[in-house]
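Quick notes on the structure that follows.
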Ligand code: NAD
């Protein structure tokens, strides 16, 4: 990893992948960014990278994508926020083909190191049924009872990485991301996660002069949210480390969804009237990241405060929402 080699970022047209490509280019790598979406739907297209449209669930396309590369980061998955993963379980599980074929292709191509983006959704639901959470530590993953669909796929794919390391000597690194947010991600359409959805709802309330916003659940469920810059920094640190066991990569700043709404509202200068939708998807009752292991092994953990990260995120989402409204008004004029 000391010499700057050729890096493949699978899912480079997505939220985290797009930011990772920017970071790797800035660090001097030759980057090949690969995604199934047409280029005009990528969240970011970096001209310094080779940008390739391919379906990485196909073994042939995975082989073509990693040919000649030194390192692979797999951030490609068919996923979204809780509304998506509760309703599209089979679709989420089919991402197993992406990781399986990328691992097979990487082994055949002699890839030096492979990164897999796992998730806090691998942790057993029974440890997350109260808002007063015990933060999730890595060893709590077993005995396993992950989030149905998406979580099982992530846990299986983690183990696949482990066994490719043990059986085939392919070095792998695995991070369990806890809710990542920031600019250049999904903010509408059904795959968006809570921070982007709340930013959008607050922006719409301001633009439409209607201060009532809908919140999924009673708003007392707890979560931690990691800013994208911390996520990318953590990915790079974990990839360059000698840690071949899964590591939590998340913030440990725990908030209720009501507190998240308050922070966004404070940034936007709005006093919203919240309408709580008790029958909407809510996921687990409480979840936080135990960062003991990452602190001990890397001497680092995510530190960006929610107030700072959400200020950046809200500004970006507000512009997206107002541009979308302006375009719609232009079409009607
Ligand atoms: P994203 O949806 O923005 O990016 C994923 C990208 O993968 C998309 O651009 C999608 O088009 C691409 N993709 C899907 N199927 C593909 C295929 N067959 N071939 C090639 N590309 C394909 O999601 P993200 O938030 O950037 O997440 C990146 C990774 O991190 C995913 O594995 C996700 O499960 C994981 N993760 C994300 C979060 C989070 O909060 N965002 C939390 C936990 C884990």
Protection proxy ranking of 288-296, 276-284 - average other beta-carbon atoms within 10 Å, highest first: 288-296, 276-284
Cβ-derived FRET efficiency at R0 51 Å, residue 244 paired with residue 271, nearest 0.05: 0.55
Largest to smallest principal axis extent of the C-alpha atoms in region 178-253, angstrom: 52, 26, 21
Ordering of 175-186, 19-30, 153-164 by burial proxy (mean other Cβ atoms within 10 Å per residue, highest first): 175-186, 153-164, 19-30
Residues of region 200-219 with amide N under 15 Å of the 7 Å Cα→Cβ point at residue 326: 207
Mean shadow area of region 237-323 over all directions, Cα convex hull, nm²: 8.2
Volume per residue that the Cα convex hull of the chain spans, once the total is divided by residue count, Å³: 133
Contour minus Cα-Cα distance for residue 212 and residue 132 (0.36 nm per residue): 26.0 nm
Overall Cα dimensions of region 1-91 - principal axes, largest extent first, Å: 44, 26, 25
Beta bridges by DSSP in the chain, antiparallel share as percent, to the nearest 5: 10
5 Å binning of all Cα-Cα separations within region 91-131, expressed as whole percents from 0 upward: 5, 16, 20, 18, 13, 12, 7, 5, 2, 1
Value of relative contact order over region 1-130, rounded to a whole percent, pairs C-alpha under 8 Å and six or more apart: 25
Kirkwood estimate for region 48-165, i.e. one over the average of 1/r between Cα atoms, Å: 15.4
At R0 = 35 Å, FRET efficiency that the Cβ-Cβ distance of residue 63 and residue 319 yields, to 0.05: 0.30
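Quick note: the coordinates plus some simple rules give every number you see, no bench work behind them. For clarity, every value in this text was computed on a predicted model and none was experimentally measured. No Cβ is skipped: glycine too gets one built from the backbone with ideal geometry, and neighbour counts run over all protein chains shown.
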